[in-house]
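The values are calculated or read from the model by the stated rules, or taken from the named source; none is laboratory data. Nothing here was measured: the structure is a model prediction, and the numbers come from that model. Here the Cβ positions follow ideal geometry from the backbone for every residue, glycine too, while neighbour counts run over all protein chains shown. What goes into the accessible areas is simple: the full protein's heavy atoms, side chains included, and nothing from ligands, DNA or RNA. Shrake-Rupley method; radii C 1.70, N 1.55, O 1.52, S 1.80 Å.
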Amino acid sequence: MATGADVRDILELGGVESENTGTINKKDIINSDKKKSKKSSETLTFKRPEGMHREVYALLYSDKKDAPPLLPSDTTQGYRTVKAKLGSKKVRPWKWMPFTNPARKDGAMFYHWRRAAEEGKDYPFARFNKTVQVPVYSEQEYQMYLHDDAWTKAETDHLFDLARRFDLRFVVIHDRYDHQQFKKRSVEDLKERYYHICAKLANIRAAPGTDLKIPVFDAGHERRRKEQLERLYNRTPEQVAEEEYLIQELRKIETRKKEREKRTQDLQKLITAADTTTEQRRAERKAPKKKLPQKKETEKPAVPETAGIKFPDFKSAGVTLRSQRMKLPSSVGQKKIKALEQMLMELGVDLNPMPTEEIVQMFNELRSDLVLLYELKQAFANCEYELQMLRHRYEALAKAGSIGPLSVEGTHPDGQAGLGIEEGKGDAKDQIIDVVGAPLTPNSVRRKVGGAEQGALRSPTQMP
């Protein structure tokens, strides 16, 4: 039978007996190389600590336990075995030779190292010497086309000479301009004169029928731009704060204007829906009662979606109960449902009538009209409250003496009070800006809307 020593020998595990006792057996002699290689591999392997990135660990240790390199090296050949890659060709000779720079006009001679094969060639960086092509005019051209009473020929020549020297850097040209000999000019004046002459010469020398790209300089616009920048830079902190305040107020006014327009559109939709429903009822009453096919009976004129309640259609739903058509859709809120039930109870209408074809249709129309009436009264109450609030504010401003009396009584077509807000002057700036469509507070809106809803529930009008 195999003993524990045999199992350890098969698995190449170190024997406990040989390690504890100092005796050497046959197994130690045979497996001596394996033990050495195993010990060397164990000593050279390091385990990366948890939480340390692989790149950081590679900087600390390597397979040969070398120190991290101080400079980038070729990792394919190793850190200590890099060899110079020398070819079999001859080394190209270098020579200390003189050169001149074409950008310099003084003919200065310089020296540098270059390859011997490049001797006699031009300076390689001369291609970067780009100059601006400043036009040249003759005496005849100046007298015929370029003469200006505000500029003399000597002053014009001086301007073009500086333009060639400083490559159209007009700030430098203005700094080096001879203001003692000639009239004092601004940068805009120098630019205007230069580009005007360039445009004239281009028109004169151009061949007929060619498209020219004539440079145009607007001196007036440039002066206004710099003047505006100077004013902007010289603002006081009080002016900056006032400007920021006015910008914020302008944004508020625009937001309120959008809200007013949206409310006006919603109100117009409700009014259009009410008119459409009324005309439809009158047309149905005047039309003779005839038995029409079922498809034509269900066809109705287009009514806006906001008009009352839009009941679901059960045409392609298979077998359904007629009472399901009386079920209110989920788009109707709980508040409207409670108001609708209260209005039906005050009118003495059963909340769940017998669902015959005629009763279902008329009951749905009645509830849709009641919801439309509820929405119209609610919108009317909001408009009345806004009008009253604006009147109170106007009266307060009139008592303070900041604005004059009302020019027109009533309201404008957009639902706002006809107040003379534009006549306000003085220290009432904040109040005047606030009057232009000031938003309602949530609590005040809830109180007024709640009162309007109670009034709508107490006195429902009879529908046509």
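Any chance the range 89-109 includes a residue that's without any contact (Cβ under 8 Å) to a residue 60 or more places away in the chain, open to solvent by 100 Å² or more (accessible area, probe 1.4 Å) and of a type in the set (Val, Ile, Thr)? Yes: one or more hits. Within the range 290-301, one or more residues are at pLDDT below 75 and closer than 28 Å to ALA339 by Cβ.
Okay, residues lined up against (1) without any contact (Cβ under 8 Å) to a residue 40 or more places away in the chain; (2) among the hydrophobic types (A, V, I, L, M, F, W, C):
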{"residue": "ASP211", "(1), (2)": "yes, no"}
{"residue": "PHE217", "(1), (2)": "yes, yes"}
{"residue": "HIS221", "(1), (2)": "yes, no"}
{"residue": "GLN228", "(1), (2)": "yes, no"}
{"residue": "ARG256", "(1), (2)": "no, no"}
{"residue": "GLU259", "(1), (2)": "no, no"}
{"residue": "THR264", "(1), (2)": "no, no"}
{"residue": "LYS269", "(1), (2)": "yes, no"}
{"residue": "LYS286", "(1), (2)": "yes, no"}
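Has the range 207-230 got any residue that is of a type in the set (A, V, I, L, M), surrounded by 10 or more Cβ atoms within 10 Å (Cβ to Cβ) and within 34 Å of the chain's Cα centre (by Cα)? For the range 207-230, residues of a type in the set (A, V, I, L, M), surrounded by 10 or more Cβ atoms within 10 Å (Cβ to Cβ) and within 34 Å of the chain's Cα centre (by Cα): present.
Could you tell me which residue of the range 113-124 is nearest to ALA163 (Cα to Cα), considering only residues that are in contact (Cβ under 8 Å) with a residue 24 or more places away in the chain and not charged (D, E, K, R)? Going through the qualifying residues, I end up with TYR123.
Comparison of ARG193, ARG165 shows that the only residue that is in contact with a strand residue (DSSP E or B) (Cβ under 9 Å, 6 or more places away or on another chain) and basic (Lys, Arg) is ARG193. Only one of the numbered conditions (1) under 51 Å from the mean Cα position of the chain (by Cα); (2) part of a strand (DSSP E or B) is violated by MET97, and that is (1). Candidates ASP167, ASP149, ASP175: the one that is under 25 Å from HIS221 (Cα atoms) and loosely packed, with under 11 Cβ neighbours inside 10 Å is ASP149. May I ask you to list the residues in the range 153-181 that are touching a residue at least 24 places away in the same chain (Cβ under 8 Å) and in a loop (DSSP other than H, G, I, E, B)? Within the range 153-181, ASP167, LEU168 meet the criteria. Taking ALA126 as the residue in question, decide whether it is open to solvent by less than 80 Å² (accessible area, probe 1.4 Å), part of a helix (DSSP H, G or I) and under 30 Å from TRP96 (Cα atoms). Against the criterion (open to solvent by less than 80 Å² (accessible area, probe 1.4 Å), part of a helix (DSSP H, G or I) and under 30 Å from TRP96 (Cα atoms)), ALA126 qualifies. Taking every residue in the range 380-398 that is more than 18 Å from ARG263 (Cβ to Cβ) and pairing it with any residue that is exposed (fewer than 13 other Cβ atoms within 10 Å of the Cβ) and among the small types (Gly, Ala, Ser), at least 6 positions away or on another chain, the pairs with Cβ-Cβ distances below 8 Å are ALA398/GLY404.
When the range 388-405 is limited to residues that are crowded, with 16+ Cβ neighbours inside 10 Å and modelled with pLDDT of 85 or more, the one that is nearest to VAL332 (Cα to Cα) turns out to be MET389. Based on this model, can you work out whether VAL132 counts as at negative phi and at pLDDT below 90? When the stated conditions are applied, VAL132 passes them. Based on what the data block shows, is PHE380 open to solvent by less than 70 Å² (accessible area, probe 1.4 Å), aromatic (Phe, Trp, Tyr) and closer than 24 Å to ARG281 by Cβ? No, not satisfied.
Against the conditions (1) modelled with pLDDT of 90 or more; (2) under 30 Å from LYS90 (Cα atoms), PRO124 satisfies every one except (1).
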